[in-house]
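Heads up, the thing below is written out as structure tokens.
The values are calculated or read from the model by the stated rules, or taken from the named source; none is laboratory data. Note that the structure is predicted; figures quoted are calculated from it, not measured. Heads up, the Cβs are rebuilt from the backbone with ideal geometry, glycines too, and the neighbour counts pull from every protein chain shown. All accessible areas refer to the heavy atoms of the entire protein, side chains included, with ligands and DNA or RNA removed. Shrake-Rupley method; radii C 1.70, N 1.55, O 1.52, S 1.80 Å.
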Amino acid sequence: MTAPAELLIDARGLRCPWPVLRLARAAREQPSGARIRLIADDPAAPGEVAALAAERGWHVEPGEDAETETIILIP
């Protein structure tokens, strides 16, 4: 069985809550084990993503550009 492809959400230029809302919507549509890369340049986004991930039991790690990229792993 192969792992699902990584989904990219480009939320640059969007202000919170929009990046997190797009992430939540995309996550609902992904299978278990999904990997989502969120690119968001709103300074509030990391805190919002962390709160949503904690609530949902997701794992979050920094992307290649830790300033704007976050990788979300959905168990």
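Each stretch of four or more DSSP H residues adds -39500 (n - 2.57); spread over every residue of the chain, this sum gives -9500 deg cm²/dmol at 222 nm.
What is the dipole size for the chain, taken about its Cα centre, with +1 at each Lys and Arg Cβ and -1 at each Asp and Glu Cβ, in debye to the nearest 20? Could the numbers behind the result be given before it?
Details: 8 positive and 12 negative charges, 77 e Å.
Charge dipole, the chain, about its Cα centre: 360 debye, nearest 20.
Per residue, how large is the accessible surface of the chain? Use a 1.4 angstrom probe and give square angstrom.
Numbers: 4660 Å² over 75 residues.
I get 62 Å² per residue for the chain.
Only protein atoms count toward the accessible area here, which uses a 1.4 Å probe; on the chain, the carbon and sulfur part of that area reaches 53 percent. Taking label points 7 Å from Cα along the Cα-to-Cβ direction, L21 and E64 give a separation of 3.0 nm.
What is the extension gain from A44 to E6, computed as 0.36 nm multiplied by their sequence separation minus the C-alpha to C-alpha distance, in nm to one decimal? Don't skip to the answer; put the middle values down first.
Working: separation 38, 0.36 × 38 = 13.68 nm, distance 2.35 nm.
Full-extension gain reported as 11.3 nm.
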